[in-house]
1. Every residue in region 147-172 that is surrounded by 15 or more Cβ atoms within 10 Å (Cβ to Cβ), of a type outside the set (S, T, Y) and within 26 Å of L117 (Cβ to Cβ), please.
2. For region 137-174, give me the residue count where each residue is assigned to a helix (DSSP H, G or I) and either in contact with a Leu (Cβ under 8 Å, 6 or more places away or on another chain) or more than 24 Å from L193 (Cβ to Cβ) (or both).
3. So, R116, is that one modelled with pLDDT of 95 or more, charged (D, E, K, R) and not in a loop (DSSP other than H, G, I, E, B) or not?
4. Quick one: which of A54, A58, A68 is part of a helix (DSSP H, G or I), farther than 29 Å from G248 by Cα and touching a helix residue (DSSP H, G or I) at 6+ places or on another chain (Cβ under 7 Å)?
5. Quick one: in region 87-113, which of the residues that are in a helix (DSSP H, G or I) and open to solvent by less than 40 Å² (accessible area, probe 1.4 Å) is farthest from R5 (Cα to Cα)?
6. Look at region 190-207 and say how many of its residues are under 23 Å from the mean Cα position of the chain (by Cα) and of a type in the set (D, E).
7. Working only within region 1-12, note down all residues that are modelled with pLDDT under 95 and either in contact with a strand residue (DSSP E or B) (Cβ under 6 Å, 6 or more places away or on another chain) or among the hydrophobic types (A, V, I, L, M, F, W, C) (or both).
8. Considering only residues that are among the aromatic types (F, W, Y) and in contact (Cβ under 8 Å) with a residue 12 or more places away in the chain, look in region 31-46 and name the one that is surrounded by the most Cβ atoms within 10 Å (Cβ to Cβ).
Amino acid sequence: VLGIRTNALQLDTMAAHHILFPEFEKSLGYLCSIYIEIPYYKDELHSEDPKEKALYNAKDACVTFEIAQVLQKLLKEASLDTFYYKFVHPLLDPLMDMQCRGVKINLTLREQHRERLGAELVKLKASIDEEIGWELNPNSPKQVKELIYTQLSLPHIYKRGTSTLTTGKEALNKLYAKTGNEVLRHILEYRQLSDKLSVCNTALKDGRIHASYNVAASIKQTSAFKTKIVSAPVTGRLSSSADIFHIGTNL
């Protein structure tokens, strides 16, 4: 973003850690806690003292170097060092170039798609509302839950391992396969079109999408024993998401 590039990069700690332990968290604070012995310091970022902020940056640099030394050793021990340097490491510079340069969009075609999708959504929603007799927001889990489980009295489908009723894509597809209810098919179509329209509405900069490309899955702790992948596949495929300026999407 600021035009500052890393020269002669030896190792990306997040990417290397992801190869070794894809199911673990990826933050530098987490890496610091499992690879090296140093007191927690991440809360120093919120200090208003310029000297403390400078010290915080220096600590970040030092612990990253220490972590990199440990990771290089672990990669070698796991026979993953060749994989990292052959397949992952060479991607980092090109992906940074892609993020900074952005993906050029045909603005005229984009606007045509946006108008077409918007018109289709209006027509589809009117059809749904007429079928059920009231105005529904097909993207509202609460309203759709009320429709399919209370008004239509369809079989209950729960989120896996919970007692929470679900109105996700998989659940609606299952219910449609069982019942053939056209309202369910129309809701699924509406949601699919909404997703496409949201891509057309992605914020642009200079006519380009500046997405952040994910080489490592971001893991979110949802409970004491469960984690959730919030960005990037664990399998090694790429994904993208909004950058630090909240511009971009999953391309």
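The values are calculated or read from the model by the stated rules, or taken from the named source; none is laboratory data. What you are looking at is a predicted structure, and each value in this text was computed from that prediction instead of being measured. Don't worry about glycine lacking a Cβ; one is built from the backbone with ideal geometry, like all the others, and counts go over all protein chains shown. All accessible areas refer to the heavy atoms of the entire protein, side chains included, with ligands and DNA or RNA removed. Shrake-Rupley method; radii C 1.70, N 1.55, O 1.52, S 1.80 Å.
1. L147, I148, A171, L172
2. 10
3. Criteria met by R116.
4. Result of the check over A54, A58, A68: A68.
5. Across region 87-113, the extreme among qualifying residues is R110.
6. 1
7. If the condition is that a residue be modelled with pLDDT under 95 and either in contact with a strand residue (DSSP E or B) (Cβ under 6 Å, 6 or more places away or on another chain) or among the hydrophobic types (A, V, I, L, M, F, W, C) (or both), then V1, L2, I4, A8, L9 are the ones that fit.
8. Checking each candidate, the answer is Y35.
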